[in-house]
Number of protein chains: 2
Amino acid sequence: MDSNVSLESSTKQRFAGRKITSQRTLLLDLIRKADGHLSADELYRQAREMGASLSLSTVYRNLRLFKKLNLIDEHHLAQEHHHYEARSSTEHQHLICLDCGQVIEFQSSFTKRMKQVIRRKMGFEITGAEVHFMGYCARCRPQEEQVNTPARSYGHD
Amino acid sequence: MDSNVSLESSTKQRFAGRKITSQRTLLLDLIRKADGHLSADELYRQAREMGASLSLSTVYRNLRLFKKLNLIDEHHLAQEHHHYEARSSTEHQHLICLDCGQVIEFQSSFTKRMKQVIRRKMGFEITGAEVHFMGYCARCRPQEEQVNTPARSYGHD
DNA sequence: CTTACTGCAAATAGTTTGCAAGAAG
DNA sequence: CTTCTTGCAAACTATTTGCAGTAAG
């Protein structure tokens, strides 16, 4: 299955015929080195802090390009703006704490299996997944058990 | 028994002390009757078509309220705007076709199980989930097995 | 040289907010 | 009557685009 992975290939190949500009190289580098997910604005700021000369439009334009070339993934987390991260071989999901706002990554084989089932049962060919769980992390979780919780009648757990 | 189906309770209870306005009643009705997910704008348009007098801000304000009261769920699909739908007892996930744009709902017990595992393993209390799979539906799926070809009109930029 | 890329500013899309008028309780 | 809600317009945030100048190939 790894026969066609090109994430590590040369810069030339990366951009598939497009021109290699300092902005593109830097942006992709920053995304790859970031350990989490970045917003367009965070990315822009980081680039400027490194002394690079580029504009926010360039950031957006290139994010779109990278996405099209499958170099990065775009996530629609529970926030107003998007987040981007380098496409990696290890697929993962996100836990979002509604209190402290942190985003925790986790892995689960469920997603992979779910995809298989969907392809078989519905003929839907899945190319990308976004799995987000919202809730409260161990630290922010309320201690006491609510008695009259109105919003949790999902066939119990 | 805790199986209070609060979704069907009286209008008074619904808004938890807030005032009951014609706009609120209509909006919630429309959301409940819609079989899919609506955007704020679609909802606004539908309401206007029914002759109702309301503004887009009112739609947004009330969507926010309904969300807070757990009457509806907000989804961040792979689009620029949000989608809303009545909170229902049957939890479901979304398949989004990147070609024709349709959003298909499906159910899977995987999600429920994943949530259990996460709570046990990570102590993360999950209150809401968004599971989206992007890809190509049976109709739009290319016949040939081109998985890695970015395919289709890449035009430029 | 040629064509694609960038920066800037202006344009959009989606959503929020301040304030005065109006409706619910 | 009092308080909450609405409508309108203006504000805001995230993102896109037109155009002329600039850099990559």
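Give the residue that is farthest from the other protein chains (Cβ to nearest Cβ), with candidates limited to residues of region B:136-157 that are in a loop (DSSP other than H, G, I, E, B) and modelled with pLDDT of 50 or more.
Step one: list which residues in region B:136-157 are in a loop (DSSP other than H, G, I, E, B), which gives B:137-157.
When the remaining residues are screened for being modelled with pLDDT of 50 or more, the result is B:137-143.
Details: B:C137: 5, B:A138: 4, B:R139: 9, B:C140: 9, B:R141: 5, B:P142: 8, B:Q143: 11 Å.
My answer is B:Q143.
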Report summary line: Selection from region A:66-87 of residues of a type outside the set (V, I, T) and touching a Lys or Arg at 6+ places or on another chain (Cβ under 7 Å) yields A:N70, A:L71, A:D73, A:E74, A:A86
Report summary line: Residues in region B:87-118 that are under 19 Å from A:G135 (Cα atoms) and in contact (Cβ under 8 Å) with a residue 40 or more places away in the chain total 4
Query raised in the report: When region B:75-90 is examined, which residues are found to be within 8 Å of another protein chain (Cβ to nearest Cβ) and under 11 Å from the mean Cα position of the chain (by Cα)?
Result: B:H76, B:L77, B:R87
Query raised in the report: Hey, does region B:49-65 have a residue that's buried (at least 17 other Cβ atoms within 10 Å of the Cβ), under 17 Å from A:M114 (Cβ atoms) and either among the small types (G, A, S) or within 13 Å of DNA strand D (Cβ to nearest atom) (or both)?
Result: no
**Report entry** Cβ pairs under 7 Å, 6+ apart, first in region A:119-135 and more than 7 Å from chain B (Cβ to nearest Cβ) and under 14 Å from B:Y136 (Cα atoms), second among the charged types (D, E, K, R) and crowded, with 19+ Cβ neighbours inside 10 Å
**Finding:** A:R119/A:E125
**Report entry** Residues of region A:30-52 satisfying the condition of being over 24 Å from A:I96 (Cα atoms) and in contact (Cβ under 8 Å) with a residue 12 or more places away in the chain
**Finding:** A:A47, A:M50, A:A52
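Scan region B:33-48 residue by residue and report those that are surrounded by fewer than 16 Cβ atoms within 10 Å (Cβ to Cβ) and under 27 Å from B:S89 (Cβ atoms).
Residues satisfying the conditions are B:K33, B:A34, B:D35, B:G36.
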Report summary line: B:I96 vs (1) closer than 26 Å to B:C137 by Cβ; (2) within 13 Å of DNA strand D (Cβ to nearest atom): all pass except (2)
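The values are calculated or read from the model by the stated rules, or taken from the named source; none is laboratory data. Since this is a predicted model, take the numbers as computed values, not measurements. Don't worry about glycine lacking a Cβ; one is built from the backbone with ideal geometry, like all the others, and counts go over all protein chains shown.
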